[in-house]
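The structure appears below as structure tokens.
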Amino acid sequence: MADRVTVIGWDGSPLTATARSALGAATLVAGAAHHLALPEVPPAAERIRLGSVDLAARRIAGHRGSAVVLADGDPGFFGVVRTLRNPEFGLEVEVVPAVSSVATAFARAGMPWDDAEVVVAHRRTLRRAVNVCRAHTKVAVLTSPGAGPSELGLLLDGVHRTFVICEELGTEREQITVLTSDKAADRIWRNPNVVIVIGGPAAAGGDVGWIAGRDPAAGPRGWALPTEAYGTSSYGGPLALGEGETELLRAAQLARLGPRVGDLVWDIGCGSGAFATDAARSGAAVIAVDRNVEACARTDSAARRFGVQLQIVRGAAPYILEDLPEPDVVRVGGGGVAVVSAVADRRPQRIVTHAATRDAAELIGRDLTEHGYQVECALLQSVELDTRAWTEKERSVAFLLSGVLPDRAQ
């Protein structure tokens, strides 16, 4: 095992005395090509071009002498330190940090970033990174080859965002470009780069937060908000929600689907927008679909009321679904077995819907089973009481159906 392992962060600034001392004593140096070209790297040291960090860690573990790993930005922030600290390598590391590339990118843009989401985009995580950009107003994306500004822009089709693209930060070739997301695919971008993705209503300025990223305490408590939270009708009473939008049914649907950050949720037959808004409050990206123009307007109003990001698509299911990006979980609020079948063809992890009768529930359940889903069905009955006189005010009954793909249950 290496006698000493030092990880040095590099942000383009001159190396500190501590970093120069460690580098000068190194018998093995690992890093990218521009790191290995630094004049401080000892000519006699073994050099490893840093591609796979796992392979480099194994080489370092078998090396006798002093090893140095050079990395861009802060190596402890989505960097090499996590891999090097893996118990399988048995390495004890010392870290000389630098300013992270995310902090540098926001500094170049002149923007605060304690309210930003930060995600890493690789080929395997690109879709989830895009979903975070759909759902949040300020996101920093640490990109990689094949998962860069062009790919982000293409997958955000239909969602307007502003990109601040920061190329080769800390070098003489550093460049900052601001453009709309639909223009990002028209150019070739240099690596490494960080993309700041901005869009949607900005948070109120001047307030000092207490937690980085999205404030989980923002907005009212509860998974499914009560009917009155969605405003009033033209008659002054609570806004009328559809039969599939009662508070308890929405809560049960959310519990079955479990939307989370990085997911894309389809809400088909969004009605008043109550479920779509509830799902977006969990941090998931949501596409709300309805053929009725008034339903789309109500959904947009609900989203604005609670400050969440929704993409609203007007059209009739199942035909409108063909061009939508792949979902993780889906709520079918209307359309029956034909729409549920079309959704199941797209293989989301989970599907939830409801039926008014047992026969309708059985038809849907059989179709989901034929598509390979494990199906559950429960009869939900709720009775709302007037607690002043303890008399019945309203009764609702629905069959709640949910399907889970066994091979994608997580």
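The values are calculated or read from the model by the stated rules, or taken from the named source; none is laboratory data. What you are looking at is a predicted structure, and each value in this text was computed from that prediction instead of being measured. For neighbour counting, all protein chains shown are included, and Cβ atoms are generated from backbone atoms with ideal geometry for every residue, glycine included. SASA here: full protein model, heavy atoms, side chains in, ligands and nucleic acids out. Shrake-Rupley method; radii C 1.70, N 1.55, O 1.52, S 1.80 Å.
Determine the share of the chain's accessible area contributed by carbon and sulfur atoms, expressed in whole percent, with a 1.4 angstrom probe.
51 percent
Can you give the helix-only mean residue ellipticity at 222 nm for the chain, where every DSSP H stretch with n ≥ 4 adds -39500 (n - 2.57) and the sum goes over all residues, rounded to the nearest 500 deg cm²/dmol?
-7000 deg cm²/dmol
Short version: what are the Cα gyration tensor semi-axes of the stretch 79-209, square root of 5 times each eigenvalue, largest first, in whole Å?
Output for the stretch 79-209: semi-axes of 26, 18, 16 Å.
Hey, what's the chain come to in accessible area per residue, 1.4 Å probe, Å²?
On a per-residue basis, 50 Å².
Please quote Rg/Rh for the stretch 224-357 to two decimal places, taking the Kirkwood radius as Rh and restricting both calculations to Cα atoms.
My calculation puts Rg/Rh at 0.93.
Rounded if a/c is under 1.5, else prolate if a/b beats b/c, else oblate: with a ≥ b ≥ c from the C-alpha gyration tensor eigenvalues square-rooted, which is the stretch 88-135?
The shape class here is oblate.
Let a ≥ b ≥ c be the square roots of the eigenvalues of the Cα gyration tensor of the stretch 24-144; is it rounded (a/c under 1.5), or, if not, prolate (a/b larger than b/c) or oblate?
Because a/c hits 1.5 or more and a/b exceeds b/c, the stretch 24-144 counts as prolate.
In what sequence, largest accessible area first, do W266, W10 appear using a 1.4 Å probe?
Reading off the accessible areas and sorting them downward yields W10, W266.
Quote the Stokes-Einstein diffusion coefficient, in whole µm² s⁻¹, for the stretch 280-410, based on the Kirkwood radius over alpha carbon pairs, a temperature of 37 °C and a viscosity of 0.692 mPa s.
Translational D for this selection: 200 µm²/s.
So in the chain, what percent of DSSP beta bridges are antiparallel if you round to the nearest 5?
50 percent
Distances over 17 Å make up what percent of all Cα-Cα pairs in the stretch 141-198?
28 percent
With a ≥ b ≥ c taken as the square roots of the eigenvalues of the C-alpha gyration tensor of the stretch 349-394, please select rounded if a/c is under 1.5 and otherwise prolate if a/b is larger than b/c or oblate if it is not?
Note, shape of the stretch 349-394 comes out prolate.
Whole percent per 20 Å bin, from 0 to the bin with the longest distance: what is P(r) over all C-alpha pairs of the chain?
24, 44, 25, 6, 0
Using only the alpha carbon atoms of the stretch 285-362, find the Kirkwood hydrodynamic radius as the inverse mean reciprocal pair distance, in angstroms to one decimal.
After inverting the pairwise mean of 1/r, the radius is 13.5 Å.
Based on DSSP loop calls and a cut-off of at most 10 other Cβ atoms within 10 Å, the longest stretch of the chain free of exposed trypsin sites (Lys or Arg not before Pro) is what?
After excluding every exposed loop site, the longest remaining stretch is 222-387.
Below 14 angstrom from the Cβ of A107, what's the summed charge of the other residues (Lys, Arg +1; Asp, Glu -1)?
Taking every other residue near A107 into account, the sum is -3.
Please compute the modelled spin-label separation between R366 and R49, points set 7 Å along Cα→Cβ, answer in nm with one decimal.
Roughly 6.1 nm, to one decimal.
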